[in-house]
Amino acid sequence: MLITEEQIAEKTQELAEIIAKRYPPDAAEGDLLLVGVLKGAIFFMTDLAKALSIPTQLEFMAVSSYGSSTSSSGVVRIMKDLDKDIAGRNVLIVEDIIDSGLTLSWLMRNLKTRNPASLEVVTLLRKPDALKTPVEVANVGFDIPNEFVVGYGLDYAERYRDLPYIGTLHPRVYGGE
Ligand code: 5GP
Ligand code: MG
Ligand code: MG
């Protein structure tokens, strides 16, 4: 166990208060648009939306990055695109975890071409490698060590997403030492 359910809830509330201050509730841009990156971000996204004191709308994207199973290449394919036009809207990308940051930096570039009024990111977790990327992430829940984590939306081969806490996976599970 790395981060408990209580710690996640507390941090989510903290992030929600910071974010709510940045977006006026009756903005000309309309309600804040949360863009969740499937599937890992869904638990964090729904809890964050409930914790936010401002009205939000929820949209989802699914992307897959080419590359090996352990490191992403930065070449990304859209598996599910947004249903709505985001031009002129305040958009907040909701991520589960930023590792190399390559997926996110690709996503930011892609969404920027659609001319949102603003584009920012909130991520629950960030790994040390992410600090090497040019991606500006305004809101980070927890900086964690460079270990593979699961739970609270994060999977290993589609398992463990349903855990209410975040834990590290014993290498035994994936055939390591
Ligand atoms: P990046 O492009 O930042 O290297 O890759 C980010 C994506 O890789 C995340 O959205 C997530 O899907 C996956 N990922 C990176 N680190 C972990 C981890 O420790 N555990 C799990 N379950 N997924 C991870
Ligand atoms: Mg993700
Ligand atoms: Mg995954």
Taking every pair of alpha-carbon atoms in segment 1-96, give the share separated by more than 16 Å as a whole percent. 61
Taking protein heavy atoms only, a 1.4 Å probe, and rounding to whole percent, the accessible area of the chain owed to carbon and sulfur comes out at 51
Report the residue, chosen from Ala130, Ala51, Ala28, that carries the largest GNM mean-square fluctuation when the chain is represented by alpha-carbon nodes joined by springs under 10 Å. Ala28
Springs between alpha-carbon atoms under 10 Å, Gaussian network over the chain: tell me which of Val75, Val37, Val94 tops the mean-square fluctuations. Val75
Could you state the number of Å between the C-alpha centres of segment 101-177 and segment 1-38? 16
Hey, how much of the P(r) for segment 47-135 falls beyond 15 Å, as a percent of Cα pairs? 63
Which of rounded, prolate, oblate describes segment 1-56, given a ≥ b ≥ c as roots of the alpha-carbon gyration tensor eigenvalues and a/c under 1.5 marking rounded, otherwise prolate only if a/b is larger than b/c? oblate
Calculated from DSSP helices alone, with each H run of at least 4 adding -39500 (n - 2.57) and the total divided by the residues of the chain, [θ]222 nm to the nearest 500 comes to -7000 deg cm²/dmol
What one gets for the chain as the Kirkwood radius, inverse of mean 1/r over different Cα pairs in Å, is 16.6
What does the accessible area per residue of the chain come to in Å², with a 1.4 Å probe and no ligands, DNA or RNA counted? 52
Students often forget the sequence filter, so: which lysines lie under 21 Å Cα-Cα from Lys84 once same-chain residues fewer than 8 apart are removed? Lys39, Lys112
Where Lys and Arg each count +1 and Asp and Glu each count -1, what net charge lies around Leu33 among other residues with Cβ under 9 Å from its Cβ? -1
Heavy-atom accessible area with a 1.4 angstrom probe orders Tyr174, Tyr152, most exposed first, as Tyr174, Tyr152
So for segment 93-160, using the alpha carbon gyration tensor with a ≥ b ≥ c as root eigenvalues (a/c under 1.5 gives rounded; past that, a/b versus b/c decides prolate or oblate), I'd call it prolate
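The values are calculated or read from the model by the stated rules, or taken from the named source; none is laboratory data. Nothing here was measured: the structure is a model prediction, and the numbers come from that model. Every residue, glycine among them, receives a Cβ derived from its backbone with ideal geometry; neighbour counts consider all protein chains shown. Calculation scope for accessible area: heavy atoms of the full protein, side chains included, ligands and nucleic acids excluded. Shrake-Rupley method; radii C 1.70, N 1.55, O 1.52, S 1.80 Å.
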